[in-house]
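The values are calculated or read from the model by the stated rules, or taken from the named source; none is laboratory data. Fair warning: this is a prediction, and the values are worked out from it, not measured in the lab. Quick reminder, even Gly has a Cβ in these numbers, built from the backbone with ideal geometry, and neighbours come from all protein chains shown.
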Amino acid sequence: MFDVRTDLAVEAKELYKQRYKKEIDGVIAEEDILEDVKVTKVDVVNENGARAMGKPVGTYITIDLPEYTHYDGDLMDKVSHILSKNLRELIKQEKEGTTLVVGLGNSDVTPDALGPMVISRLMITRHLKAMMPESIDDEVRAVCAIAPGVLGTTGIETGEIVRSLVEKIKPSLVICIDALASRKLERVNRTIQIGNTGIAPGAGVGNNRMEINEKSLGVPVIAIGVPTVVDAATIANDTMDLFIDEMIKQATSGGEFYNMLKSIDRKEKQYMIREILAPYVGDLMVTPKDVDAIINAVSKVISTGINLALQPAFEIEDINKFLN
């Protein structure tokens, strides 16, 4: 496994190919275009692929948001339907089962508030089906949700809270939503990843916590995330790469300066940049200036997609009536 700060399986695959000039044995990737929206499915099928990717064996689906999705209601609905379709393919649950949705993150920090914001827009029904079953349509599925906060404010590991809830209410499925970290600036707030291997909160920013997955909880766990930050050192490294590539284009092929540029070890350069920046910026993470509006829009996309996936008998209009 190579050292790279990203939560996205599609990026880990791209970086492996870029570094080693070959595909990963044990990883299968497929790209598709659904209604002008690019969807990439990465299947890690064995332990060899898992080691190379640094990701558990399982399925990872990446949805690339079209430009202006955050400001276009119709585009938001389109992406929500695509998210719902892909989410249903990963859900293996009986209609009678209960789904627990967990919104990870800190609601007081905008780039980390995605999970709690999604929770606030979900169609919550478990209590209604328990208290007034005769008044609730049989097609309505039981859904409950929690935004457990973060270790720094609760003093309790998120994984411990979720595990306690699972033991108490015994859901047949857990869905976790979390903010992620990306390796590329252009993917920040522009990508949604769905995976069936669970999640390690804070892993993308070097803040590893107790994993939330089927092994730790005893029930299937689906994770949905959006990269909302990128490492400052990564931005500096990518900028230098662009500068070096441009200098190589302008240098005389075969000349001394050209050969010097071509001989630069990109991996060593990355480590050097991180060491130089560390005393000044630490583990600085960067997010766009309009992150407030973007997180608000993306949370609507994800919550609508989850609502549609968990309540397949309903349309967006019906769900919105319930929420209002």
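Below are the figures for this structure:
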read-out: Test: residue in region 144-152 that is assigned to a strand (DSSP E or B), under 29 Å from Val291 (Cα atoms) and not aliphatic (A, V, I, L, M); value: yes
read-out: From the options Phe314, Phe322, residue that is hydrophobic (A, V, I, L, M, F, W, C), assigned to a loop (DSSP other than H, G, I, E, B) and under 30 Å from Ser135 (Cα atoms); value: Phe314
read-out: Hits in region 145-161 (condition: touching a Leu at 6+ places or on another chain (Cβ under 7 Å), hydrophobic (A, V, I, L, M, F, W, C) and buried (at least 19 other Cβ atoms within 10 Å of the Cβ)); value: Ala145
read-out: Residues that are in a loop (DSSP other than H, G, I, E, B) and either of a type in the set (Ser, Thr, Tyr) or surrounded by 17 or more Cβ atoms within 10 Å (Cβ to Cβ) (or both), drawn from region 101-120; value: Leu104, Gly105, Asn106, Ser107, Ala113, Ser120
read-out: Filter result for the condition that a residue is touching a Leu at 6+ places or on another chain (Cβ under 7 Å), modelled with pLDDT of 85 or more and within 30 Å of Asn86 (Cβ to Cβ), over Val291, Val286, Val221, Val230; value: Val230
read-out: Neighbours by Cβ (under 7 Å, 6+ apart or cross-chain): first from region 135-163, on the phi > 0 side of the Ramachandran plot; second of a type in the set (Gly, Ala, Ser); value: none
read-out: Positions within region 164-173 being surrounded by fewer than 17 Cβ atoms within 10 Å (Cβ to Cβ) and either part of a helix (DSSP H, G or I) or among the β-branched types (Val, Ile, Thr) (or both), in sequence order; value: Ser164, Glu167, Lys168, Ile169
read-out: Residue within region 285-303 that is without any contact (Cβ under 8 Å) to a residue 12 or more places away in the chain and part of a helix (DSSP H, G or I) present; value: no
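Yes or no, residue by residue, for (1) polar (S, T, N, Q); (2) in contact (Cβ under 8 Å) with a residue 24 or more places away in the chain; (3) out of contact with any strand residue (DSSP E or B) (no Cβ under 6 Å at 6 or more places or on another chain); (4) not assigned by TED's automatic domain parsing to the domain that holds Met76:
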residue	(1), (2), (3), (4)
Lys17	no, no, yes, no
Tyr20	no, no, yes, no
Glu31	no, no, no, no
Val42	no, yes, no, no
Tyr60	no, yes, no, no
